[in-house]
Amino acid sequence: MVSVKDWQELLTVGTENEHIKISGKEKKNGEWVFKRTVNGDSLERGYLSPREGNEVTGWDNALRLLDGSPLRSLHILKADPLIYPYLGKYMLTSKNIGEELLLAWSDKVFPGKNKDMVMAAKWLLGSDRAVILSGAGMSTESNIPDFRSSSGWWKQIDPRTVATVEALDSNYDLFQEFYATRMKALDQIEPHEGHRVLAKWEENNLVQLIGTQNVDGLHSAAGSLNVQELHGSIRSIRCHDCGKEGSIEAFTSHETCSRCGGRLRPAVVLFGEMLPQEAWETTLEAIEQAGLVIVIGTSMEVYPANQLPAMTSGKTVYINAETAETGAGFDLIIEGKAKKTLQNINELIEIGIRR
Ligand code: OAD
């Protein structure tokens, strides 16, 4: 092995008295070789892993020289920017890096990144396929109003007059107008980058299922495959009286059911109605088994969907534009808008899954 450069200190972790140093040098053929020294001693008495000895090749292996470290503290004393990209991946994916160390390293390796996002990314990469629960706040950045924010629907109109079976029965015209308006608004609507991030996470086997209270179909439009619509869909129509399917055009133009002349309605869940059983059971089962549940953009006010996060034995993350009143009980609370927050977490995920 002919070397062209001297060993270069890349990373030193530990304390002044007790530390591990990883050094590297580039060989003539461009390949990098790395070695570890413990307290300045390359013979490493009492520190026998890995089996191959002190030297490994390949950047991705460089950080494995920290594995099995007997050091009590792995705080970074010195790090060369050359190793940062690999350090980032190692810290997000290695089981050796616990939460305390992750937070201690976070500012150095991901300066400017919110630590909670770093933690969320680590949990997502380490969980066996997470479950996402979304609410209306997931869609506001696609220009669909939510319900309970200052600009939400229920600030303009009393839900009892439009979103209940009683409303359908006693004032069908208002009911029809409310849903027809919402349906027509969907024509120009597209999923945003946050929806697409969730679809990518499913594609990369990080997410197994999205349970959504939204009726707008935007998760599916963004490419998510396993979407359970807990409150139904505004994009399909049926007869309230006989159940026959109808068309959006028929509903929006005030037609009645072609079979029985009954009242057409969107296939959404109205207050007082049961949730679609299959969607509910599939979501519940996934949540019970999930290592991680990420709840995005819901005020958690509506039963029974608001019970779901508490049904997991896994970790829970709450992402919402406002968290003061609604975030209690979650393991991690990230205050921020869905799109930017998911994009930010995804930048870390991409580091974690980079080959
Ligand atoms: P809500 O309107 O109750 O809550 C939306 C939440 O999203 C609020 O906490 C907002 O702060 C938050 N939010 C708004 N924009 C956001 C953004 N860009 N990023 C992150 N968070 C944001 O809506 P849901 O909880 O979904 O049901 O409401 C649940 C159910 O109540 C709905 O499915 C609907 C409604 O009545 C029925 O109609 C049966």
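For the reader, a short list of remarks on this structure follows.
- Any pair with Cβ under 7 angstrom, 6 or more apart, that starts in the range 328-341 at a residue that is under 20 Å from GLN307 (Cα atoms) and in contact (Cβ under 8 Å) with a residue 24 or more places away in the chain and ends at one that is part of a loop (DSSP other than H, G, I, E, B) and within 12 Å of the ligand (Cβ to nearest atom): ILE333/THR323; ILE333/GLY327
- When the range 278-290 is filtered for residues that are within 16 Å of the ligand (Cβ to nearest atom) and either at positive phi or of a type in the set (S, T, N, Q) (or both), only THR283 remains.
- In the range 291-322, the residue that is nearest to the chain's Cα centre (by Cα) out of those that are within 13 Å of the ligand (Cβ to nearest atom) and in a helix (DSSP H, G or I) is PRO309.
Residues are listed down the side, and each one gets a yes or a no for (1) within 16 Å of the ligand (Cβ to nearest atom); (2) farther than 16 Å from LEU198 by Cα:
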| site | (1), (2) |
| --- | --- |
| PHE110 | no, yes |
| ASP116 | yes, yes |
| LEU125 | no, no |
| ASP146 | yes, yes |
| SER149 | yes, yes |
| TRP154 | yes, yes |
| ALA163 | yes, yes |
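- Selection from the range 205-247 of residues that are in contact (Cβ under 8 Å) with a residue 40 or more places away in the chain and either more than 19 Å from ALA338 (Cβ to Cβ) or touching a Lys or Arg at 6+ places or on another chain (Cβ under 7 Å) (or both): ASN205, LEU206, VAL207, GLN208, GLY232, ILE234, ARG235, HIS240
- Subset of the range 226-274 [out of contact with any helix residue (DSSP H, G or I) (no Cβ under 7 Å at 6 or more places or on another chain) and either within 13 Å of the ligand (Cβ to nearest atom) or at positive phi (or both)]: HIS231, GLY232, SER233, GLY243, GLY261, ALA267, VAL268, VAL269, MET274
Read-outs: derived from the displayed coordinates by stated rules, not from any lab. What you see is a predicted model, and the numbers here were worked out from it, not measured in a lab. FYI the Cβ positions are ideal-geometry reconstructions off the backbone, even for glycines, and counts take in every protein chain you see.
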